[in-house]
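Before any comments, here is the structure.
We did not get these values from a lab; they are worked out from the coordinates using the rules stated. Treat the numbers as computed from the prediction; the structure is a model and nothing was measured. Because the Cβ atoms are built from the backbone with ideal geometry, glycine has one as well, and the counts that use them run over all protein chains shown.
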Amino acid sequence: MQRDTVIYREILKCKEQGVPSALAILVRCEGSSPQKEGAKLLVRADGSTVGTIGGGVLEVEVIAAGRRVMKQGAPSTLSLELTEAHGHACGGRVLVYVEPILPDPHLVILGAGHLGRALSKLARFVGFRVTVADDRPEYANREYLPNADEVVISDFSHVFSKVSADEHTYVVIATRGHEHDYEAAAAALGTDAAYVGLVGSRRKRIALETTLQQQGFSERDIERVHTPAGLAIGSLTPEEIAVSIMAQMIQHRRGHGT
């Protein structure tokens, strides 16, 4: 139907813009209801909508459910009685399926060395949008990083003035030296990134903690940094280390483990 086409186009627009949304579908109607089965409502992150499943109190409840599933990242089913006792007037009952439509997770790799290159390829394969940043033009280029969606030439202290990072962003720090690592970590902690990982040894973590404390970061801030980044699977090569880091990010994203 024409109305559905408008909704589908808006879904694509939200995905392209990286804006969360949720699609509500009226899957079952019993008795009197304001819309028929198959009616759809798209809820944007700001609560605005496209389409309708009947308006009124019903739609208010579904919009709230849409915003809830966007935050939780999992679909939900609502069984609603459209009676006066529940604030409705139709008298029937409906079942509404509400599914979140979330932006692709965004991985920002700070450091375009061997590991950064391997990780960009793997991350793209599992569905991440990938940005790689480095201050060396001979590494930060499309020829060397063909799997990156975006390549940025920048010093690590100011990289997030050029690269956006929100709660759907994952940051992996794999620069060529300790000083750059610490600059990148401080910059990453200034964002709302869901995950910040620093490649290196446990000894590096101790030095990082000291450096960040001297810069005024709190213990809570410092605890956001996973060091050493990745799951302990005995990885040695850049490709194996990339697998361990990706596994940890997937674990974090799906809410498994600690």
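The LEU236 and SER76 beta-carbon pair, evaluated with R₀ = 41 Å, returns a calculated FRET efficiency of approximately 0.40. If R0 equals 35 Å, the separation of the Cβ atoms of ARG68 and GLN214 corresponds to a calculated FRET efficiency of about 0.25.
Placing a pseudo-label 7 Å from each Cα along the Cα-to-Cβ vector at GLU179 and ILE206 gives an inter-label distance of 2.3 nm.
With both residues required to sit in the chain, DSSP beta bridges show an antiparallel share near 55%.
Cβ-Cβ distance of VAL60 and VAL126, R₀ of 45 Å, FRET efficiency by 1/(1 + (r/R0)^6): the value works out to about 0.75.
Kindly express, to the nearest 10 degrees and within the range 0 to 90, the angle between helix 114-125's C-alpha long axis and the longest C-alpha principal axis of the chain. So the inclination is approximately 10 degrees.
The charge dipole of the chain, taken about its Cα centre with unit charges on the Cβ of Lys, Arg, Asp and Glu (plus for the first two, minus for the last two), comes to roughly 440 debye.
Grab the other residues whose beta carbon is less than 13 angstrom from that of VAL98, score K and R as +1, D and E as -1, and report the net.
Working: positive: LYS40, ARG67, ARG68, LYS71; negative: GLU59, GLU61, GLU99.
Neighbourhood net charge equals +1.
Computed from label points 7 Å out along Cα-Cβ, the spacing between HIS114 and ASN141 is 2.1 nm.
Among [x] 37; [y] 48; [z] 54, which is the computed percent of Cα pairs over 27 Å apart? Comparing each candidate, only [y] matches the computed number. Applying the criteria of a DSSP loop state and at most 13 other Cβ atoms within 10 Å to the trypsin sites (Lys or Arg not before Pro) of region 33-134 yields LYS36.
Projected label points at SER32 and ALA45, each 7 Å from Cα along the beta carbon direction, are separated by 4.1 nanometres.
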